[in-house]
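Chemist: Shown below is the structure under consideration.
Nothing in this text is a laboratory measurement; each read-out follows from the coordinates by a stated rule. Everything numeric in this text was worked out from a predicted model, so none of it was measured. FYI the Cβ positions are ideal-geometry reconstructions off the backbone, even for glycines, and counts take in every protein chain you see.
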Amino acid sequence: MSATVVNPSRATSERAAHTVKSSVSIRDAFTQVTTLAWRALIKMRRNPEQLVDVTAMPVLFTVMFGFMFGGAISGSQASYLPILIPGIVAMTTITASVAAGVQLREDMDKGVFDRFRSLPIARIAPLAGPMLADLARYAIAASVTLTVGALMGYRPGGGVLGVAAGILLAVVTGWSLAWIFMWVGTITKTAGAVQGLSMMIMFPLAFLSNAFVPVDTLPGWLQTVTRVNPVSQVVSALRDLMNDGAVTAQVGWALLGCAAIAAIFIPLAVRSYSKRV
């Protein structure tokens, strides 16, 4: 009778060789995020109707508000455009960010994220990938608004650098606010519910702000609401950048607000998404 001696170190190494890594390196996570961002861009190209809110809506808002309210608020359309265009840039990027939550909910309903769950990818990649692709949508919305404004007579005093900085701030604002709607997409059950709840969040932010009218013309209680609205900080910062080319305290407050929103809602969205899929 013979006994077989097993080398403990060899057995341990064999088990380790078959162990699946429980974490993803930062480099691999970045690659996965960019891959899923490319997937989202291809999806946009094949479904151009996804770009209606960042192409047609800026034109509609700019022309409608410019011709309807220019004379009533500022006396003439030309004097109203420096107030209106930065406000429309902020509004269009905010409205465009709602689509992030709707698209997420639709993909979850179709079972797309069930497939992602079976892959050894970072937990945040399926969320961060589409969010990275959406930066292009926010840039398109801001660029279309500025183009229509220029055709109507808007001449930004901040020059090329001021306009570029304004577009960058608008893109950052849209990206940070989109995490709110991504979180909404993970806690609701249908895409329609996501859109309805997101509109309830978006409309007060956009319209109870200084985007379209000077704060001083509003009733006293509404002035207080408008001044504490974070969108008002973004709009004021955009006006400082685009009209004057000045980096003021408003720009710092706007960036701080964007950072706070991202710091709160990115973990909430990732945690809620992990529980749902």
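Chemist: Give the angle, between 0 and 90 degrees and rounded to the nearest 10, that separates the Cα long axis of helix 159-187 from the longest principal axis of the Cα atoms of the chain.
Modeler: Rounded to the nearest ten degrees, it is 50.
Chemist: Between the range 198-212 and the range 85-121, how far is it from one alpha carbon centroid to the other, in angstrom?
Modeler: 19
Chemist: Calculate how steeply helix 125-152 sits against the longest principal axis of the alpha-carbon atoms of the chain, using the helix alpha-carbon long axis, and give the answer as 0 to 90 degrees to the nearest 10.
Modeler: Here the helix axis deviates by roughly 20 degrees.
Chemist: Treating the angle as unsigned and between 0 and 90°, give the value, to the nearest 10°, between the Cα long axis of helix 8-17 and the longest Cα principal axis of the chain.
Modeler: 30
Chemist: Which distance in nm do the two modelled labels at residue 216 and residue 27 give, with both placed 7 Å along the Cα-to-Cβ direction?
Modeler: A separation of 5.9 nm, rounded to one decimal place.
Chemist: Sorted by packing (mean other beta-carbon atoms within 10 Å per residue), highest first, where do 199-211, 95-107 land? Provide the component values of the computation, followed by the final result.
Modeler: Working: 199-211: 17.6, 95-107: 23.3.
Ranked from most to least packed, the peptides come out as 95-107, 199-211.
Chemist: Related question: When the chain is fully extended, how far beyond the present Cα-Cα distance does residue 50 get from residue 34, taking 0.36 nm per residue of separation? All intermediate terms of the calculation are to be shown ahead of the outcome.
Modeler: On the way: separation 16, 0.36 × 16 = 5.76 nm, distance 1.99 nm.
Between residue 50 and residue 34, full extension yields an extra 3.8 nm.
Chemist: A further question on this structure: Testing the spin-label approximation: label points 7 Å from Cα along Cα→Cβ at residue 150 and residue 259. State their distance in nm.
Modeler: Rounded to a tenth, the inter-label distance reads 3.2 nm.
Chemist: Note down, for the chain, the three equivalent ellipsoid semi-axes (square root of 5 times each alpha carbon gyration tensor eigenvalue), biggest first, whole angstrom. Intermediate values should be presented prior to the final figure.
Modeler: On the way: eigenvalues 422, 66, 61 Å².
So the three semi-axes of the chain are 46, 18, 17 Å.
Chemist: Please give the contour-minus-distance gain from residue 136 to residue 246: 0.36 nm per residue of separation, less the Cα-Cα distance, rounded to one decimal in nm. Mind dumping the intermediate values first?
Modeler: Working: separation 110, 0.36 × 110 = 39.60 nm, distance 2.51 nm.
Length difference between fully extended and current span is 37.1 nm.
Chemist: Quick one: check the C-alpha center-to-center distance for the range 223-262 versus the range 37-58, whole angstrom.
Modeler: Here the two parts' Cα centres lie 28 Å apart.
Chemist: Using helices alone, what [θ] at 222 nm do you get for the chain, with -39,500 (n - 2.57) per DSSP H run of 4 or more residues, divided over all residues and rounded to the nearest 500?
Modeler: Numbers: 11 runs with 215 residues, N = 277.
It comes out at -26500 deg cm²/dmol, rounded to the nearest 500.
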